[in-house]
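> The structure's right below; bear with me while I get my questions together.
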């Protein structure tokens, strides 16, 4: 470096030093805010940056959701988890590199699986490795972004299958899964999947004794609906019921004439609707209700007198005065959970004090009532 350049160089350095001296707390005023903004921006892309690591391949359960995965890598690693018994994969976007399209093999799951939950999945073809900046900041759609389904396959140990309510409709998907896995005992699916085709496999000689149907807010009708009664089903769960779904719930109840247990969740309680349901269920022994909103101050439990076991989970801040059924009655066990459990418990104790036909206890936040046999 010649002398002139040396003077210029050191002149710049000296000027920079003088600028720094005029900025008090340079790190806290300039550097720290810059780094904070940078971290905040990068956090928006953490879906692309997380790494899945396993300290051992023996893992009985695994849940993967809300992320992006390289499909080729997923296909390789999932088969290495040969001890896996429970798997949940939903809300995923699988990536396929442009230069690897199409992939040679399909997604095969571990043969030891006993429980499987499948949710919404998409497939995205991308040039991520060639242009990561474009992938993160510009092109969120990729060359292709379509729904992806784990191929229906035979899983000989599978007992419980769940297809979650965010899964896009594909008419043959559940029928193919049921056809390949007749050993299933428990199936869960969105109600818009219930069709004559699904009913055919549910109706065939099978081990399925428990069905769970989940409603969504959209008011879809049943598809191609002509199903004969499902005689093997004795446990039915119906989730997310509102008043627009009542007609469909009646249809589901009529499909399962031999129900012994019903689990249903409601946006709010409708006593007339419940009474109509109960009149249709001649073999019912147990019922569990989840109620989002209870608008009444009193709840007469005698409408459940013809079943043996009742469980209530009520989300309500108001005090509810429960009236227990008179004895003799078939109802022998009642368990109630609610936000105002203590006030309700005290009311029930007072009501039954003069004629004790129920043994009432408070177990934590659960009111437990057992009929006193005479």
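The values are calculated or read from the model by the stated rules, or taken from the named source; none is laboratory data. Please read these numbers as outputs of a predicted model, since none were measured by experiment. Cβ placement follows ideal geometry from the backbone for every residue including glycine, while neighbour counts extend to all protein chains displayed.
> Please go through segment 292-302 and give me each residue that is under 19 Å from residue 243 (Cα atoms) and assigned to a strand (DSSP E or B), ordered by number.
Once the filter is applied, which keeps residues that are under 19 Å from residue 243 (Cα atoms) and assigned to a strand (DSSP E or B), segment 292-302 yields 292, 293.
> While we're here: Keeping to segment 303-342, report how many residues are touching a helix residue (DSSP H, G or I) at 6+ places or on another chain (Cβ under 6 Å), in a loop (DSSP other than H, G, I, E, B) and more than 19 Å from residue 355 (Cβ to Cβ).
Residues meeting the conditions: 2.
> Specify the residue that is nearest to the chain's Cα centre (by Cα); the eligible residues are those in segment 236-257 that are assigned to a loop (DSSP other than H, G, I, E, B) and within 20 Å of residue 189 (Cβ to Cβ).
Checked segment 236-257; the qualifying residue nearest to the chain's Cα centre (by Cα) is 242.
> Please find, within segment 343-367, the residue that is modelled with the lowest pLDDT out of those that are in contact with a helix residue (DSSP H, G or I) (Cβ under 6 Å, 6 or more places away or on another chain) and within 29 Å of residue 240 (Cβ to Cβ).
Checking each candidate, the answer is 365.
> Now for a separate question. Scan 277, 284, 289 and give me the residue that is in a helix (DSSP H, G or I) and touching a helix residue (DSSP H, G or I) at 6+ places or on another chain (Cβ under 8 Å).
None of the others qualify; the one that does is 277.
> Could you list all residues from segment 249-264 that are farther than 16 Å from residue 210 by Cβ and touching a strand residue (DSSP E or B) at 6+ places or on another chain (Cβ under 9 Å)?
249
> Further, regarding this structure: Could you list all residues from segment 234-245 that are out of contact with any strand residue (DSSP E or B) (no Cβ under 6 Å at 6 or more places or on another chain) and at pLDDT 90 or above?
Residue satisfying the conditions is 234 alone.
> Just for segment 146-177: of the residues that are more than 14 Å from residue 117 (Cα to Cα) and not in a loop (DSSP other than H, G, I, E, B), which one is modelled with the lowest pLDDT?
Filtering first and then ranking leaves 146.
> Residue by residue through segment 204-233, note down the ones that are at pLDDT 75 or above, in a loop (DSSP other than H, G, I, E, B), surrounded by fewer than 18 Cβ atoms within 10 Å (Cβ to Cβ) and in contact with a strand residue (DSSP E or B) (Cβ under 7 Å, 6 or more places away or on another chain).
Correct list: 209 only.
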